[in-house]
Amino acid sequence: MPSKKDTELVHNLRAASKHLTSGGAPELAAAVDEILAPGGWSKLRHATATEAAAAPNVPVHMPLVTRAAIQQASSSVPKDVAEGLEAFISGTFSPAANAHRARRNTGLETGNLNVRVDADLKARFLEAAEAREDDLGYKAALSHVAKAWLIEKYGIAPAEKLAEA
């Protein structure tokens, strides 16, 4: 038996389809109707799984004040991260070995900045990280390079200073 929440969702999707049809967007209404049809949910699940495989999520752990500063400074975090990874791959950007490490026991709340990265770019980054390991003196992690790039690109202050402001 469907829950009240599920029933309400289906009702709202049907209403959205009618609204889209009357609003002059029948192609969007058709997409909603396709999801509402038998087996439609599995099509949606398959499409989102395929999309996620093409651009897997990379969680970048950091203090929430740093995450907020990055989100405010950047108009497109995924584009900026891709730029930073390309710079790393080409050898024009190399963060310090401990650039990603936040001071411990600061009392600052932390979380992830979730970024989707093209699977091909991720694979090229992993190859470059392995190839550059001896020169760098450490094995670069994608999330650490992304974080260091964003902080450097936008001149983000250390988290402790951001928290004071």
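The values are calculated or read from the model by the stated rules, or taken from the named source; none is laboratory data. Bear in mind that the values here come from a model prediction, so they are computed numbers and not experimental data. Heads up, the Cβs are rebuilt from the backbone with ideal geometry, glycines too, and the neighbour counts pull from every protein chain shown. These area figures cover heavy atoms from the full protein model, side chains too; ligands, DNA and RNA do not enter into them. Shrake-Rupley method; radii C 1.70, N 1.55, O 1.52, S 1.80 Å.
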Query - Filter result for A97 (at pLDDT below 90 and within 12 Å of V145 (Cα to Cα)) - result: yes
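Every residue, every condition in (1) assigned to a helix (DSSP H, G or I); (2) surrounded by 12 or more Cβ atoms within 10 Å (Cβ to Cβ), yes or no:
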residue: L9; (1), (2): yes, yes
residue: R14; (1), (2): yes, yes
residue: S17; (1), (2): yes, yes
residue: G24; (1), (2): no, no
residue: E27; (1), (2): yes, no
residue: A31; (1), (2): yes, yes
residue: L44; (1), (2): yes, yes
Query - Test for I89: is it free of Cβ contacts under 8 Å to residues at least 40 places away in the same chain and of a type in the set (V, I, T) - result: yes
Query raised in the report: Got a number for residues in the stretch 120-142 being open to solvent by 40 Å² or more (accessible area, probe 1.4 Å), closer than 12 Å to L85 by Cβ and out of contact with any helix residue (DSSP H, G or I) (no Cβ under 6 Å at 6 or more places or on another chain)?
Result: 5
Requested in this report: Would you mind stating whether D80 is assigned to a helix (DSSP H, G or I), modelled with pLDDT of 85 or more and open to solvent by 40 Å² or more (accessible area, probe 1.4 Å)?
Outcome: no
Report task. Could you grab the pairs with beta carbons closer than 8 Å, sequence gap of 6+ or different chains, first residue in the stretch 1-13 and touching a residue at least 12 places away in the same chain (Cβ under 8 Å), second one not in a helix (DSSP H, G or I)? Result -> V10/P2
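For (1) touching a helix residue (DSSP H, G or I) at 6+ places or on another chain (Cβ under 9 Å); (2) modelled with pLDDT of 90 or more; (3) acidic (D, E); (4) assigned to a loop (DSSP other than H, G, I, E, B), each residue gets a yes or a no:
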| position | (1), (2), (3), (4) |
| --- | --- |
| E34 | yes, no, yes, no |
| W41 | yes, no, no, no |
| A87 | yes, yes, no, no |
| L113 | yes, yes, no, no |
Query - Residue count, the stretch 46-64 (criterion: at pLDDT 70 or above, open to solvent by 50 Å² or more (accessible area, probe 1.4 Å) and either more than 17 Å from V145 (Cα to Cα) or polar (S, T, N, Q) (or both)) - result: 1
Requested in this report: Would you check if there is a residue in the stretch 91-109 being within 14 Å of the chain's Cα centre (by Cα) and either surrounded by fewer than 19 Cβ atoms within 10 Å (Cβ to Cβ) or under 22 Å from P56 (Cβ atoms) (or both)?
Outcome: no
